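All remarks here apply to the structure that follows.
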Amino acid sequence: MTKKHSTKDKLAWTASKLFQEKGYEGVGLSEILTNAKLPKGSLYHHFQKGKSDLAMTAASYASREMMRIIDDAFVPAKTYDDGMTTLFFKCAKLFDLMGKWNGCPVSGILLSGPRNPSFQDLSNSIFDTWITRIAEHAQKLGVDETEAQDRATHLFITLQGGWTLARAQQSSDVLRQIPSYLKRATR
């Protein structure tokens, strides 16, 4: 049985997917509504400021999904390296499922559009949240607090760069190879 999504969820998930594929400027509201199979009035009912409100909600939804992936990688891990490896493999699978041209869900939505201080603030907050969550997992796995923060920041930066290189090479193998590079670099 499939879960019925609310109109707001449908709009946000559809917008998220389209923004990732085409960037904020490359997607019009009518395209989002057509793909969501919803009438125009439903957009402004849920997102009074229109496209910018929708983009911020879509980024928040995408962030929650990434937080789930982070937790799914680290919670069962016995070591930080195990969690890190699993996270990169999960991201490689996500890369394959999303299509090899799509960028980071959050930066594709918030940083590809107009200069908007609210977009900048939200993207910064989201990325800080991801790094903090990874650092928390690292600490639970025995990494001291300062080292955990450093490793989490390094992992995030490497993941962003790895995703970009995977897009350029059209290969998720780039993401699967990163854990071995990181393990060699820390020895």
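List of remarks:
- Residue within the range 36-50 that is surrounded by 13 or more Cβ atoms within 10 Å (Cβ to Cβ), closer than 28 Å to THR164 by Cβ and either free of Cβ contacts under 8 Å to residues at least 40 places away in the same chain or not hydroxyl-bearing (Ser, Thr, Tyr) (or both) present: no
- Taking the range 113-129 as the range and being surrounded by 13 or more Cβ atoms within 10 Å (Cβ to Cβ) and either in a loop (DSSP other than H, G, I, E, B) or touching a helix residue (DSSP H, G or I) at 6+ places or on another chain (Cβ under 6 Å) (or both) as the test, the residues that pass are GLY113, ASN116, PHE119, LEU122, SER123, ILE126.
Conditions (1) in contact with a Ser or Thr (Cβ under 9 Å, 6 or more places away or on another chain); (2) among the hydrophobic types (A, V, I, L, M, F, W, C); (3) within 25 Å of LEU54 (Cβ to Cβ), marked per residue:
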residue: GLN120; (1), (2), (3): no, no, yes
residue: GLU145; (1), (2), (3): no, no, no
residue: ARG151; (1), (2), (3): yes, no, no
residue: TRP163; (1), (2), (3): no, yes, yes
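- Within the range 7-26, considering residues that are at pLDDT below 90 and either outside any helix (DSSP H, G or I) or over 18 Å from the mean Cα position of the chain (by Cα) (or both), the one surrounded by the most Cβ atoms within 10 Å (Cβ to Cβ): TYR24
- Selected residue (criterion: farthest from ARG176 (Cα to Cα)) from residues of the range 62-106 that are basic (Lys, Arg) and either open to solvent by less than 40 Å² (accessible area, probe 1.4 Å) or outside any loop (DSSP other than H, G, I, E, B) (or both): ARG64
- Scanning the range 25-42 for residues that are touching a Pro at 6+ places or on another chain (Cβ under 9 Å) and more than 12 Å from ALA15 (Cβ to Cβ) gives a single hit, GLU25.
The values are calculated or read from the model by the stated rules, or taken from the named source; none is laboratory data. Note that this is a predicted model, so its numbers are computed, not measured. Glycine gets a Cβ as well: all are built from the backbone with ideal geometry, and neighbour counts include every protein chain shown. Ligands, DNA and RNA are stripped out before the accessible areas are found, and what is left, the full protein with its side chains, is counted by its heavy atoms. Shrake-Rupley method; radii C 1.70, N 1.55, O 1.52, S 1.80 Å.
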